[in-house]
Amino acid sequence: MELFVFVVAAAMVLGGAIGVITRSNPVHAALSLVLTLFGIAVMFVSHDAQFLAAVQVIVYAGAIVVLFLFVIMLLGVDRTEDVNIEPITVQRPLALIVSAGVVGIVIAAVVSSRELLGRPVGGLDKTTLSAPDANIRQLAREIFGNNVFAFELTSVLLLVA
């Protein structure tokens, strides 16, 4: 049964990835990307990582691809835009103010949690591993323990992008 699930999920991922590359219509390419992301979510479930599968479906297939489709349909792919005309003149100064605020908040967060960055996180015991939410606890311990600085840096990078 595991082999069958793997083969079906791998076919979904490969078929969707090939569809993203070969489709000339951007809406069809985005829907092929959804197929690829669902196949990856199936592989997460087959490895007992239900939380990551839910995040994969909700965040990537649900939010990001819908955002791609919205932007593609909103802008239209057949017309060109004149980038010299700026419709909102206050946008750039406002962006500078907001980005300075975000940088200030991140610096304040790093300075206030400086003593926590070097502290080791406690080990896992058998009761923690046998709990129903052990997968989420392990993930949280890794993200917010050992890799907190990389996690925060990645979140700022994604926010800026």
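The values are calculated or read from the model by the stated rules, or taken from the named source; none is laboratory data. None of the values given here were measured: they were computed from a predicted structure. Glycine also receives a Cβ, built like all others from the backbone with ideal geometry; neighbour counts cover every protein chain displayed. When the accessible area is computed, the model is the full protein with side chains, heavy atoms only, and any ligands, DNA or RNA have been set aside. Shrake-Rupley method; radii C 1.70, N 1.55, O 1.52, S 1.80 Å.
For segment 80-87, does any single residue satisfy the condition of being open to solvent by 60 Å² or more (accessible area, probe 1.4 Å) and assigned to a helix (DSSP H, G or I)?
Scanning segment 80-87 turns up no residue that is open to solvent by 60 Å² or more (accessible area, probe 1.4 Å) and assigned to a helix (DSSP H, G or I).
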Over segment 41-66, the set of residues under 19 Å from ILE21 (Cα atoms) and either within 13 Å of the chain's Cα centre (by Cα) or outside any helix (DSSP H, G or I) (or both) is TYR60, ALA61, ILE64, VAL65
Output the residues belonging to segment 55-78 that are crowded, with 18+ Cβ neighbours inside 10 Å and of a type in the set (D, E, K, R).
-> none
Checked VAL13, VAL27, VAL5 against criteria (assigned to a helix (DSSP H, G or I), under 13 Å from VAL65 (Cα atoms) and either open to solvent by less than 70 Å² (accessible area, probe 1.4 Å) or basic (Lys, Arg) (or both)); the one match is VAL27
Pick out the one residue from LEU33, LEU96, LEU52, LEU37 that is at pLDDT 75 or above and open to solvent by 90 Å² or more (accessible area, probe 1.4 Å).
-> LEU96
Looking at SER24, is it small (Gly, Ala, Ser) and either touching a helix residue (DSSP H, G or I) at 6+ places or on another chain (Cβ under 9 Å) or at pLDDT below 80 (or both)?
-> no
In segment 134-157, anything in contact (Cβ under 8 Å) with a residue 12 or more places away in the chain, farther than 18 Å from PHE51 by Cβ and either of a type in the set (A, V, I, L, M, F, W, C) or not in a helix (DSSP H, G or I) (or both) is listed as VAL148, PHE149, VAL156
